Structures are given as structure tokens and as C-alpha cells.
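Nothing in this text is a laboratory measurement; each read-out follows from the coordinates by a stated rule. In this text, all values refer to a predicted model and were calculated from it rather than measured experimentally. No Cβ is skipped: glycine too gets one built from the backbone with ideal geometry, and neighbour counts run over all protein chains shown.
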Amino acid sequence: MKSFKQIAALAVILLLPVMASAEWGRTVGAWDTRLPNKGKTQVALWGSYSKTEVANADFADKYATFDMIYGISDKWSAYISPSFYSWKLDGGGSESGLSDTMLQTTYRFRDEAVDNFDLAVVGKVLLPTGDEDKGLGNGGFEPGGKLLASKTFGPVIAVANLDLTAIPGADKGENDFVLSSALEGVYPLNDKLSLNTAVFAETSRIDGGNTDLDLGIGSKYNVKGQMFVGGMIYKCLTESSTWGLQVAAGVEF
């Protein structure tokens, strides 16, 4: 998750036509514990934009992923997500093309309906399908895992993530792993629309680099029950980035 702009843009996000089912993830920025039902497939297109300053020059990047999630059982899902990346440094060139691909599986072993909270584990590996020489990929296989938890507190749903990504082929000056976390609150405004706020933190891949700390606000809107559109804007509180936004649309069948 990258950092993003000011809250005025929230008005644009709220105007997006959106949709979602009960078992579709309720979050926008964090990973939710909700999974597809057995035999169901969810597909979603996510796009993000962020901007920062590098050596006194503006650096902007765009990132798009196509998520495909299949419900193996009501508690277990499999996921593949190819991605596309584009970057531009003012006065320093630009590139765009296929980026890395994520493979992931999630198992939820606690369900709030029975256990008073959700708890799930994720196994993942990033495949180096992007061109590292062009800055479009990380250049190696990167395994990792996540711990996901969620619980309802009155009208608010709280979702927490803790993520570890290993970098087995770390270059000189690059860390051996990246830690990230997220905490997102979902407040249903009605049976179709939710207000989502979040805080994200991630350690730097570069040794001695700045930790990324972002605040986000966004929305999801449920129209029909099996489709969604949503988005979030972010403001970075450190020097790792300045601002950004993320939008998405998806359907379950």
C-alpha cells in the first residue's frame, strides 16, 4: 500500500458506483478475513497512483493488479494476481510494462459467527515476471506470510494485518525482509455504503531507508450484492512518499 492526497478527493471516491457481497472483503486498503464461498470466483481490478520527490525531482508511479480468487472451501481460498507497473521521473526517463505476479492462499481457522472473531493465515510468493533492469519488478522469488484478524465492535468492523516478506536474493544495501502492517476500520453508513479509514506501516527494502507510514480514507458501496467499486486516498506521514490514491472494481460469480 502507497501513500496519498488530501481528503477533498473523498467526494470523488464517494461518487463511484460500487457493489459487494457479504463474503466479499469489506476493506479497501487492508486484506480482509472474508473469503469467497466454496466454488465461487472473485475477480477484481485494482489501480493505484502515488507521487513523491526523488533527488529534488517529481517521481510518479501507477500500479494495476488483476486479482483472481477462488473459494476452495468456505474457509480456504487460492489467489493469483498479475500486475502492470508504470513509473516516470521528471528529467530521468520512464518505463511501463508487466510487473511481478503474486500467488497466495488464505485459510480462515476462526470465524466470528462462531468464535467471536475472525483469524486467518496467508501463504504467498511473489514471482519475478517483471523486468528488474527496467524497474518493473523486484528480480527474484519473494516468499512470505500474513496474519489476518477482524472483529466487530458495535457498528465498526476492525481488520488488522501483519505481513512478512522475505527477500532471499537481497542485493547489497537491501534488507533481507520487509515487515508491514495495516489496521482498517469499516463503518457501514447504510446497507450499501461504508466509510473506511486506515493506517498502514511498512519498513523499507533499502537498508537505512524511511519507514512508510500512511493514513487513508475511502469507501465501498454495495449496489447489487455480487459486484463492488471502491477507493481510498492516502497521505504519507514520512519522507518515503507524499500522497496517492487507489480505486477498484470487482465481481463474484
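Tabulated data for the structure shown
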read-out: The stretch 164-253: proportion of alpha-carbon pairs further apart than 23 angstrom, %; value: 41
read-out: Selected from 231, 123, 216 as most flexible by GNM, with the chain as the system and alpha-carbon contacts under 10 Å; value: 123
read-out: Convex hull of the stretch 68-211 built on C-alpha atoms - directionally averaged projected area, nm²; value: 11.1
read-out: Order of 68, 102, 232 - criterion: other Cβ atoms within 10 Å of each residue's Cβ, fewest first; value: 68, 102, 232
read-out: Contact order normalised by residue count of the stretch 174-241, Cα under 8 Å, 6+ apart, percent; value: 27
read-out: Net charge over other residues, Cβ less than 12 angstrom from the Cβ of residue 122 (K, R count +1; D, E count -1); value: +1
read-out: For the chain: relative contact order, % (alpha-carbon pairs under 8 angstrom, 6 or more apart); value: 25
read-out: Over the chain: helical MRE at 222 nm, DSSP H runs n ≥ 4 each giving -39500 (n - 2.57), nearest 500; value: -500 deg cm²/dmol
read-out: Two-decimal ratio, the stretch 7-252, of alpha-carbon radius of gyration to 2.2 N^0.38 Å; value: 1.00
read-out: Euclidean distance of C-alpha centroids, the stretch 25-76 and the stretch 197-233, integer Å; value: 9
read-out: Candidate lysines for bridging to residue 172, where Cα separation is under 16 Å - those fewer than 8 sequence places away on the same chain excluded; value: none
read-out: Hits among lysines - C-alpha to C-alpha of residue 192 under 28 Å, sequence gap 8 or more where chains match; value: 2, 5, 38, 40, 75, 151, 220, 224, 235
